[in-house]
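Only one structure is covered here, and it is reproduced in the block below.
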Amino acid sequence: MDGMAADERRAVTKDGFISSAVLKLLARRGEVSAVDAISPHFKLIALKGEGLKGASWAPGHKLQVQMRGLSFRTYTPIVWDSVNGSARFLAYAHGDSPAGKWMKDLRPGDGVTLFGPRRSMDMSFDGPVIVAGDETVFGPAAGLVAAGREVRCLFEVTDAGESRDVLAQIGVGDVRLVPREADDAHHAALAAMLTGMVDGRVTYVVAGKGATVQRLVRALRGEGVPAGRMRTKAYWLPGKTGID
Ligand SMILES: Cc1cc2nc3c(=O)[nH]c(=O)nc-3n(C[C@H](O)[C@H](O)[C@H](O)COP(=O)(O)OP(=O)(O)OC[C@H]3O[C@@H](n4cnc5c(N)ncnc54)[C@H](O)[C@@H]3O)c2cc1C
């Protein structure tokens, strides 16, 4: 499957669609083994199946999951057992979007079609990590914690109470949360909290909403953090669908 990564990259278009011929050739197939609604907006989704065996996976790799029809959405496995064929990821439902509807209807025993796992942000560095972002980055943070990494987190969130509860359930303990405000008025406070955490040993993983990623990267650069100590990725952009 690794040799197929380049084909897969071309297969899923920028807006998350794919041709059915390509789908048959390159996709993995799995089955939902559990759907755990750990809060009103978050589901832990467990997958299993022969098709998940033999995958090459590391924390930070991404997975593209087929919704209804030929559209895909991107998630980050928290764990992947390539020997026994199982994986788990955390999905956040921000609204009545294709992924929100898919999550709502998902049941154990449902079949799923997947691309990946494959590299997204490279987490193969040593030392402590600060993960900054939002609800979509809880899963990647949990993956790093599960891999035994030293992780601190800073997230902008819609509901701090729900987020704190979810993070505790997925094992992410060292967390600061900043409630979202209209027109990103909380960004100055968020950036100030991140620069207050700057430490020469740390690598920064910054993902989530595109504008927030840009703002936080600017703040880190202002503190002299070199590009080699940052892993950055926009996970979603207002008005765009199926960002990969
Ligand atoms: C590499 C990568 C890894 C990711 N890993 C995860 C993960 O582990 N867990 C996870 O939950 N998400 C993850 N995401 C983010 C997820 O793929 C997007 O949020 C995706 O857009 C959700 O699909 P959708 O059908 O809900 O919305 P879409 O149909 O894609 O988008 C519709 C509109 O919804 C808005 N929107 C999209 N996402 C959000 C959001 N989070 N909050 C508020 N508004 C939003 C935008 O305005 C967008 O135009 C990841 C994304 C990438 C690129």
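The values are calculated or read from the model by the stated rules, or taken from the named source; none is laboratory data. On a predicted model such as this, the values are computed, not experimentally measured, just so you know. Neighbour counts run over all protein chains shown; Cβ positions are idealised from the backbone, glycine included. For accessibility, only protein heavy atoms count, side chains too; no ligands or nucleic acids. Shrake-Rupley method; radii C 1.70, N 1.55, O 1.52, S 1.80 Å.
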Practice prompt. Under 15 Å Cα to Cα from K48, which aspartates and glutamates show up? Leave out anything in the same chain fewer than 8 places away.
Written response: E31, D36, D81, D110
Worksheet entry | Accessible surface ranking that places the most exposed of H61, H186 first, with a 1.4 angstrom probe | H61, H186
Worksheet item: What ranking of D165, D81 comes out by heavy-atom accessible area, probe 1.4 Å, highest first?
Response: D165, D81
Worksheet item: In debye to the nearest 20, how big a dipole does region 144-244 give about its Cα centre with +1 on each Lys and Arg Cβ and -1 on each Asp and Glu Cβ?
Response: 440
Worksheet item: What's the angle, to the nearest 10 degrees (0 to 90), between helix 187-196's Cα axis and the longest principal axis of the chain?
Response: 80
Fill in: Value of [θ]222 nm, deg cm²/dmol, for the chain, DSSP H segments ≥ 4, -39500 (n - 2.57) each, nearest 500
-7500 deg cm²/dmol
Worksheet entry | Calculated over region 129-236: convex hull of Cα atoms, volume per residue (Å³) | 89
Worksheet item: How much accessible surface does D105 have with a 1.4 Å probe, in Å² rounded to 10?
Response: 80
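Starting from the Cα coordinates of the chain, work out the convex hull volume and express it per residue in Å³.
Details: hull volume 29.6 nm³, N = 244.
Once divided by residue count, the hull of the chain is 121 Å³.
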Discussion item. Give me the dipole magnitude in Debye, nearest 20, for the chain about the Cα centre, with unit charges on the beta carbon: positive for Lys and Arg, negative for Asp and Glu.
Written reply: 600
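Roll a 1.4 angstrom probe over the protein heavy atoms and tell me the percent of accessible area of the chain that is carbon or sulfur.
Numbers: 5640 of 11140 Å².
Percent of accessible area from carbon and sulfur atoms in the chain: 51.
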Practice prompt. May I ask you to derive the relative contact order of the chain, considering only C-alpha pairs under 8 Å and at least 6 residues apart, and to give it as an integer percent?
Written response: 19
